[in-house]
Amino acid sequence: MERQNLTVPKEFILMGITDRPELQAPFFGVFLVIYVVSVVGNLGLIILTKIDSRLQTPMYFFLTHLAFTDLGYSTAVGPKMLVSLVVDQHTISYNWCATQLSFFIMFITSEIFLLSAMAYDRYVAICNPLLYKVIMSQRLCLLLVAIPYLYSVFLSLLITIKIFILSFCEYNVIRHFYCDSLSLVPLLCSDTHEIKLLILIFSAFTLVSSLLIVLGSYLLIFVAILRMHSADGRHKAFSTCGSHLTVVVLYYGTLFFMYAQPKSKNSSDTDRMASLFYTLVIPMLNPMIYSLRNKVVKNALTRTWTLCANILLKIHCKMC
């Protein structure tokens, strides 16, 4: 039976990270630093891979798009959350809520499949090193990036439109710090069977298919490593996929923790903490992981820094 008091709300109320005023200022400081580091790190990685010719390889092509998606979904959530902590205003307009939901779904879905594409790239690099440049052609790389983006745009529009064409009840409190599909569905007064089924089917397909590609790629990688007789060869192979494997474990580990934990009265708080981790912390960690564990990136950063310093020095000399 449909619930009564159907309405089109002008705004929603976000519960936010915490309802304790004394924690809002410390949380603002911590998450502002995290967000700024994330933006600088991911933008820096994108710029670095574009201007350094030694980073014009398939691996860094995918890494550029990973940094772009990290920047995308953290920006879809972060600024609004930070503003809410500063002004103590937890409302979000109806249209902005729909916009935030669509961009978040688009970027988060793209990232999941980009991690799968990067796993396949590492498989080819380790198991077929001599044919790596032939197999990972520019055309294939573009295809492996275009498909996730097209699918994520389709899924984002489908879920967002399906939710926002339905009628909401007068109760407009979202039990989260951003507009999430699972948090919006309970506010609907219309029949939610179809939208719940769509979310379940597409979420399961996205997570399972991407995870199977990652697991399959790394299973073949580990088999190839075990067959190597040289200790140096094994070490090089592990270092080749170490950064990506770390990111995969962090990302899927957080998602598994969110969805596999038993539901309890404190599960919503735990979900918010886990959501904070993968929407803000992981985008900050990814460029660090790929930079600190990667000599090629560190060398490229050093060359770029030296080049910029020399240019500034020349400009200063001319002005003097």
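The values are calculated or read from the model by the stated rules, or taken from the named source; none is laboratory data. Computed from a predicted structure; not experimentally measured. Here Cβ is always computed from backbone atoms with ideal geometry, including for glycine, and neighbour counts include all displayed protein chains. All accessible areas refer to the heavy atoms of the entire protein, side chains included, with ligands and DNA or RNA removed. Shrake-Rupley method; radii C 1.70, N 1.55, O 1.52, S 1.80 Å.
Points to keep in mind about this one:
- Just so you know, in the range 61-102 the residues that are touching a residue at least 40 places away in the same chain (Cβ under 8 Å) and not in a helix (DSSP H, G or I) include one that is surrounded by the most Cβ atoms within 10 Å (Cβ to Cβ), and it is 92.
- If you go through the range 204-239 and keep only what is in a helix (DSSP H, G or I), of a type in the set (S, T, N, Q) and over 20 Å from residue 144 (Cα atoms), you end up with just 239.
- Looking across the range 246-264, the residues that are in a helix (DSSP H, G or I), free of Cβ contacts under 8 Å to residues at least 40 places away in the same chain and surrounded by fewer than 16 Cβ atoms within 10 Å (Cβ to Cβ) come down to 249, 253, 256, 257, 259, 260.
- Flag if residue 32 is open to solvent by less than 20 Å² (accessible area, probe 1.4 Å), part of a helix (DSSP H, G or I), more than 24 Å from residue 152 (Cβ to Cβ) and not hydroxyl-bearing (Ser, Thr, Tyr): no
- Taking the criterion of being open to solvent by less than 50 Å² (accessible area, probe 1.4 Å), aliphatic (A, V, I, L, M) and in a loop (DSSP other than H, G, I, E, B), the only residue of the range 142-192 that qualifies is 166.
- Test: residue in the range 218-239 that is under 29 Å from residue 13 (Cβ atoms), surrounded by 14 or more Cβ atoms within 10 Å (Cβ to Cβ) and free of Cβ contacts under 8 Å to residues at least 60 places away in the same chain: no
- Qualifying residue in the range 125-139 (condition: closer than 26 Å to residue 200 by Cβ and either in contact (Cβ under 8 Å) with a residue 24 or more places away in the chain or among the aliphatic types (A, V, I, L, M) (or both)): no
- Residues satisfying the stated conditions in the range 35-60, i.e. in a loop (DSSP other than H, G, I, E, B) and open to solvent by 70 Å² or more (accessible area, probe 1.4 Å): 56
- Subset tally (residues that are open to solvent by 30 Å² or more (accessible area, probe 1.4 Å) and modelled with pLDDT of 85 or more) for the range 285-297: 2
- Among the residues here, residue 18 qualifies as at pLDDT below 80, surrounded by 15 or more Cβ atoms within 10 Å (Cβ to Cβ) and under 24 Å from the mean Cα position of the chain (by Cα).
- Count of residues meeting criterion [modelled with pLDDT of 80 or more and open to solvent by 60 Å² or more (accessible area, probe 1.4 Å)] in the range 265-284: 2
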